[in-house]
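Below: one structure, written as structure tokens.
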Amino acid sequence: HYLYEHIIRESIKHPDTNYIILVPEQFTMQTQRELVRLQEKNSIMNIDVVSFQRLAYRIFDELGKTNMAVLEETGKNLVLRKVAEERMDDLCVMQGNMKKMGYISEVKTQYNIDPDTLETFIEEQNMPPAFSYKLQDILTMYRGFRSAISGMYITAEEVLEAFCDMAEESKLLQDAV
């Protein structure tokens, strides 16, 4: 409450300054309503309430990066199914499971590791062969997936990374509070 009132006071004192309030996606409308309710004139002309995701898309738009196609969950499943079919002969452990319902969804779960780090981990660790083969299969699928989407798509998980890379170029952010 204190922060909202403070931002409202500051936005009135500095009408040419843009204020950004970052909230979780599910609270954007609720926060906007609360700010409007707290402002005497019931308007918040220079205050934007956005989630990180919405702010990212706003910056992409500002910088003309609107050609970034984001691959959502269903798209990932389809790409992984195609990669599995193309690389079936290279898979040791996963080969028999690829036709099982829901298996592709399990394979697509990402844990913020890149293929090179995974490969180094496989090479450096002394682990049971079955586990090593499974990790090798995951690496095969991961590289196939990255290759299939390269230059055409980014994943929803990569949106914020792309946003971080571009944030410094944004005039909207440079002059904002």
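Here are some notes:
- Per residue of the chain, the DSSP helices (runs of n ≥ 4 H) give a summed -39500 (n - 2.57) that works out to -16500 deg cm²/dmol at 222 nm.
- Between 0 and 90°, nearest 10: helix 52-62 axis offset from the chain longest Cα axis: 80 degrees
- Degrees, to the nearest 10: 73-86 long Cα axis against longest axis of the chain: 20 degrees
- The radius of gyration of the Cα set in segment 52-164, together with its Dmax, comes out at 16.0, 51 angstrom.
- Net +/- balance of residues flanking GLN95 in space, Cβ distance below 13 Å, scoring K and R +1, D and E -1: -1
- Under 17 Å from LYS108, Cα to Cα: lysines that are on another chain or at least 8 residues apart: LYS76, LYS82, LYS99, LYS100, LYS134
- Label-point gap, in nm, between MET127 and MET101 - each point 7 angstrom along Cα→Cβ: 3.0 nm
- 14 Å beta-carbon shell around GLN125, net charge (K/R +1, D/E -1): -2
- Legend: calculated FRET efficiency, GLN30 to ILE154, from the Cβ-Cβ distance at R0 = 25 Å, rounded to 0.05, equals 0.30.
- The residues neighbouring ASP165, those whose beta-carbon lies less than 13 Å from its own, together hold a net charge of -3 under the Lys/Arg +1, Asp/Glu -1 convention.
- Measuring only protein heavy atoms, the 1.4 Å probe finds ARG58 accessible over about 100 Å².
- Cα gyration tensor shape of segment 22-79, rounded if a/c is under 1.5, else prolate or oblate by comparing a/b with b/c: oblate
The values are calculated or read from the model by the stated rules, or taken from the named source; none is laboratory data. None of these values were measured; they are calculated from a predicted model. With ideal geometry, Cβ positions are generated from the backbone for all residues, glycine too; neighbour counts draw on all protein chains shown. Heavy atoms of the whole protein, side chains included, go into the accessibility calculation; ligands, DNA and RNA do not. Shrake-Rupley method; radii C 1.70, N 1.55, O 1.52, S 1.80 Å.
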